[in-house]
1. Looking at the chain, I'd like the Rg to Rh ratio, where Rg is from alpha-carbon atoms and Rh is Kirkwood's inverse mean 1/r.
2. By its C-alpha gyration tensor, with a ≥ b ≥ c as the square roots of the eigenvalues, how is segment 13-135 shaped: rounded for a/c under 1.5, else prolate for a/b larger than b/c, else oblate?
3. Out of D24, D230, D56, any idea which swings most in a Gaussian network model of the chain, alpha carbons joined below 10 Å?
4. Below 25 Å, Cα to Cα, which lysines can K136 reach? Residues fewer than 8 away in the same chain don't count.
5. By the scheme Lys and Arg +1, Asp and Glu -1, what is the net charge of all other residues having a beta-carbon under 14 Å from that of E14?
6. Which percentage, to the nearest 5, of the DSSP beta bridges contained in the chain is antiparallel?
7. Shape call for segment 69-171 from the C-alpha gyration tensor, a ≥ b ≥ c root eigenvalues: rounded (a/c under 1.5), prolate (a/b greater than b/c) or oblate?
8. Have a look at F118, F48, F149 and tell me which one the Gaussian network model of the chain (Cα, springs below 10 Å) gives the largest fluctuation.
Amino acid sequence: MPRCTARRKVEQIEFYGGQCHFVDNSAQIYAESERLARETGGHYMDQFTYAERATDWRGNNNIAESIFRQMSREAHPVPQYLVMSAGTGGTSATLGRFIRYQGHNTKLIVVDPENSVFHDCYHQKCSHLRCETGSKIEGIGRPRAEPSFIPGVIDDVMKVSDKCSIATLYWLEKLLGRRVGASTGTNVWGALQLAAQMHAEQQSGSIVTLICDSGERYPDTYYNPQWVADNIGDLTDALATLPKW
């Protein structure tokens, strides 16, 4: 894992008997994982290649089926948009495939943080792009277009600045009374932009995204004002754009 991984995550792995092997940036994890597996007689599971085939995207209680089952009770049961960030790309692949398999009139929008290649990969139609600087939004954003990322089932990819992701994290904490992680901030920022667009166009409908990580693992980073000031920057302008509820 990258050396900058949140300390709480490292402690949890070690608590359960795991051993953490650190690299300087996320682009190095692939070769190191292969080397460690080879030298220890282990097996490199490679979630970045196989995530998109780990679940049955046609149904069988996958995440997409669960979303549409829950939405069936809502006023607008078929969402106008599903908004999802990408780490391996496996979740967006499942969502996009399910939407098309079921014939839903729903658009899948992937939100991508800074220092990640998914946005450019999608818009430039190039799967060979690389980024040497790792994402500061843990859990999402990758230095390469992972094999599990399937652009053909996505309708658009939206770039989200780190400041907007972290500002939305704080906004959600006040709104929900609980701490969420930065990838959730990225998701919700994207959903809010689409909601503003729909409102401006006088459209009605539903938008679905996920609270996909807890904020309890990040007291030393995202919930540490000094760390945010040093690594993300001033959030004033981003906070000012969020709804005042």
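The values are calculated or read from the model by the stated rules, or taken from the named source; none is laboratory data. Just so you know, these numbers come straight off a predicted model, no measurement behind them. When we count neighbours, we look across all protein chains shown, and the Cβ atoms used for this are built from the backbone with ideal geometry, even at glycine. Just so you know, the surface numbers come from the protein's heavy atoms only, side chains and all, with ligands and any DNA or RNA stripped out. Shrake-Rupley method; radii C 1.70, N 1.55, O 1.52, S 1.80 Å.
1. Computed over Cα atoms, the ratio is 0.96.
2. prolate
3. D230
4. List returned: K9, K125, K159, K163, K174.
5. Neighbour charge sum, excluding E14 itself: +3.
6. 15
7. oblate
8. F48
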